[in-house]
Amino acid sequence: MQYSHLFGPVHSRRLGRSLGIDLVPVKTCSFDCVYCECGHTTLETIKRQEFFPLKEVLSEIQNYLCRSPELDFITFSGSGEPTLSTSIGEVIRFLKHSFPHYRVAVLTNGSLLWHPDVRCDLLLADVVLPTLSSVFESTFRKIQRPAPGISVAQVLEGLERFREEYIGEIWLEVFIIPGINTSQLEMDGLRAAIERIRPDRVQLNTLDRPGTEEWVRPASPEELERIRGVLGLSGVNAVEPVRYELSAGATMTGEWSDAVARVHDLIKRRPCTLDDISASTGLSRREILKILREIQITSVIEEKREERGIFFFCPE
Ligand code: SF4
């Protein structure tokens, strides 16, 4: 079966082996972040809707999970902001009812948590991972480039309300961009907000793949450590860089056409190195290179060299 709404499992730096569920079309989001690894937002909106028939999504999930794959998490993420989908609550309920042994995570930009329906939809998730990179409107706009109608005050209010109502874990992501949100003033503001939101963890994140804007640079491990010290709160940690343990000749299982489709799907969603693809698919580098050549017959693949290696991706 070809899956339109599932991807991976991918090796996630924050969630381990994670099966992705994508409920929104590429690239539908309430933000257009300068660091986004999925490219520019083409539909920037805060209007919630059912983008795909719920039955279609549930049938894919049922088909995939009935084989009991080993997963650390099932994660709502992908091509944009998952809480824009009005199906998310129903899909989480289905997962917790039909496959209760899997942990469910939601990667969200937090922009819609002021909406009572959105908070209600996420209540059964095990972990919610919202983002907060600044409490100042001007910095928030510079980094997140929100859709009209969203202010940082609303985001903060939504996060605080969600904390009051939600008994699962909140892992707050703070995305660090050197020179943009790294001043003492920014840190003081973030510290006060974190104390009010009371997340279970704070994860300092930085650019790991090519972002949307060329000028965005990653923070060094030393800079992240400095910020951790300046924030001076317990439970704050930098997201570990990826470390793959690859066997030199991982063997391919399944049909070749399935493998080609999986690799194509991965690089359509976000730029990936050979190691990223190998960790997600179990394919050896040699096999992946062969597949990339095959994909190139019908699609454009671009390459970009970054600190972590050469990233392959399909441009929009
Ligand atoms: S990083 Fe997340 S919130 Fe920001 S534009 Fe990309 S998908 Fe949207």
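The values are calculated or read from the model by the stated rules, or taken from the named source; none is laboratory data. Everything quoted here is computed from the prediction, not taken from an experiment. Neighbour counts are summed over all protein chains in view; Cβ atoms, including those assigned to glycine, are modelled from backbone coordinates with ideal geometry.
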Exercise for review: Evaluate region 25-37: report whether one residue or more is within 16 Å of the ligand (Cβ to nearest atom), assigned to a strand (DSSP E or B), of a type in the set (Gly, Ala, Ser) and buried (at least 20 other Cβ atoms within 10 Å of the Cβ).
Suggested key: no
**Study point:** Selected residue (criterion: surrounded by the most Cβ atoms within 10 Å (Cβ to Cβ)) from residues of region 125-159 that are more than 20 Å from Gly211 (Cα to Cα) and within 19 Å of the chain's Cα centre (by Cα)
**Key:** Val128
Point to revise | Single residue of region 38-51 satisfying the filter (in a loop (DSSP other than H, G, I, E, B) and touching a helix residue (DSSP H, G or I) at 6+ places or on another chain (Cβ under 9 Å)) that is farthest from Ala219 (Cα to Cα) | key: Phe51
Check your understanding: Given Ser68, Ser59, which one is over 13 Å from the mean Cα position of the chain (by Cα) and at pLDDT 95 or above?
Key -> Ser59
